[in-house]
1. Given the structure, is Ser31 small (Gly, Ala, Ser), touching a His at 6+ places or on another chain (Cβ under 8 Å) and more than 19 Å from Lys11 (Cα to Cα)?
2. Would the stretch 8-18 turn up any residue that is at pLDDT below 80 and more than 13 Å from the chain's Cα centre (by Cα)?
3. On the given criteria, is Thr83 modelled with pLDDT under 85, surrounded by 10 or more Cβ atoms within 10 Å (Cβ to Cβ), among the hydroxyl-bearing types (Ser, Thr, Tyr) and not in a helix (DSSP H, G or I)?
4. Applying the selection to the stretch 49-80, what residues are without any contact (Cβ under 8 Å) to a residue 12 or more places away in the chain, of a type in the set (Gly, Ala, Ser) and assigned to a helix (DSSP H, G or I)?
5. Among the small types (Gly, Ala, Ser), touching a residue at least 60 places away in the same chain (Cβ under 8 Å) and touching a helix residue (DSSP H, G or I) at 6+ places or on another chain (Cβ under 8 Å): which single residue out of Ser31, Ser19 fits that description?
6. Say we look at the stretch 88-110 and pick out the residues that are touching a residue at least 12 places away in the same chain (Cβ under 8 Å) and either surrounded by fewer than 10 Cβ atoms within 10 Å (Cβ to Cβ) or of a type outside the set (Lys, Arg) (or both); which of these is farthest from Glu69 (Cα to Cα)?
7. Of the residues that make up the stretch 41-48, is at least one assigned to a helix (DSSP H, G or I) and not hydroxyl-bearing (Ser, Thr, Tyr)?
Amino acid sequence: MPVNKDYFHFKSDVSTVMSRGRDVILDPNPSLGREDFYYKRHITAGIPSMYGRYLEPKFESLGLTFRLEKLATALFDQLIENTNLLYITARTLRRILRLLLLFLEVMELDGISN
């Protein structure tokens, strides 16, 4: 089954968004959160309860980063699975090089560098 070449571009785009999110998370300036909490009482029992949401750019970036890491892992698995290692040609070697460079980029995003 041929691999869609857009996987490489999509993986690169994911890495770009993850690096921007990392910049937001590691920004030394505190970010301002927004609280939207509502308090109410249960109609029949009169038990107090609350609901709402809390939004803060650093937390939102952290959540997005976790979801993108999961997506990036799935894409990497797909790219590696679709690489034919039984018959290695110059094209296969170029593909392996691109995979290794993407892997290096992702490792640097995680803070692992050489």
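The values are calculated or read from the model by the stated rules, or taken from the named source; none is laboratory data. Quick caveat: nothing in here was measured; it's all calculated off a predicted structure. Using ideal geometry, Cβ is built from the backbone for each residue, glycine included, and neighbour counts are taken over all protein chains shown.
1. Numbers: small (Gly, Ala, Ser): yes; touching a His at 6+ places or on another chain (Cβ under 8 Å): no; more than 19 Å from Lys11 (Cα to Cα): yes.
Taking the combined requirement at face value, the residue does not satisfy it.
2. Yes, there is a match, as at least one residue in the stretch 8-18 is at pLDDT below 80 and more than 13 Å from the chain's Cα centre (by Cα).
3. Values: modelled with pLDDT under 85: yes; surrounded by 10 or more Cβ atoms within 10 Å (Cβ to Cβ): yes; among the hydroxyl-bearing types (Ser, Thr, Tyr): yes; not in a helix (DSSP H, G or I): yes.
It is true that Thr83 is modelled with pLDDT under 85, surrounded by 10 or more Cβ atoms within 10 Å (Cβ to Cβ), among the hydroxyl-bearing types (Ser, Thr, Tyr) and not in a helix (DSSP H, G or I).
4. Here is the first cut: in the stretch 49-80, the residues without any contact (Cβ under 8 Å) to a residue 12 or more places away in the chain are 49, 60, 63, 66-67, 70, 73-74, 77.
Those still in the list that are of a type in the set (Gly, Ala, Ser) too: 49, 63, 74.
Result: Gly63, Ala74.
5. Details: Ser31 fails: touching a residue at least 60 places away in the same chain (Cβ under 8 Å).
So the residue among Ser31, Ser19 that is among the small types (Gly, Ala, Ser), touching a residue at least 60 places away in the same chain (Cβ under 8 Å) and touching a helix residue (DSSP H, G or I) at 6+ places or on another chain (Cβ under 8 Å) is Ser19.
6. Restricting attention to the stretch 88-110, the residues satisfying the condition of being touching a residue at least 12 places away in the same chain (Cβ under 8 Å) are 95-96, 98-99, 102-103, 105-106, 109.
Now drop any that are not either surrounded by fewer than 10 Cβ atoms within 10 Å (Cβ to Cβ) or of a type outside the set (Lys, Arg) (or both), which leaves 96, 99, 102-103, 105-106, 109.
Working: Ile96: 21, Leu99: 16, Leu102: 13, Phe103: 12, Glu105: 13, Val106: 9, Leu109: 10 Å.
Step by step, filter the stretch 88-110, then rank; the result is Ile96.
7. Here is the first cut: in the stretch 41-48, the ones assigned to a helix (DSSP H, G or I) are none.
Looking through the stretch 41-48, none of the residues is assigned to a helix (DSSP H, G or I) and not hydroxyl-bearing (Ser, Thr, Tyr).
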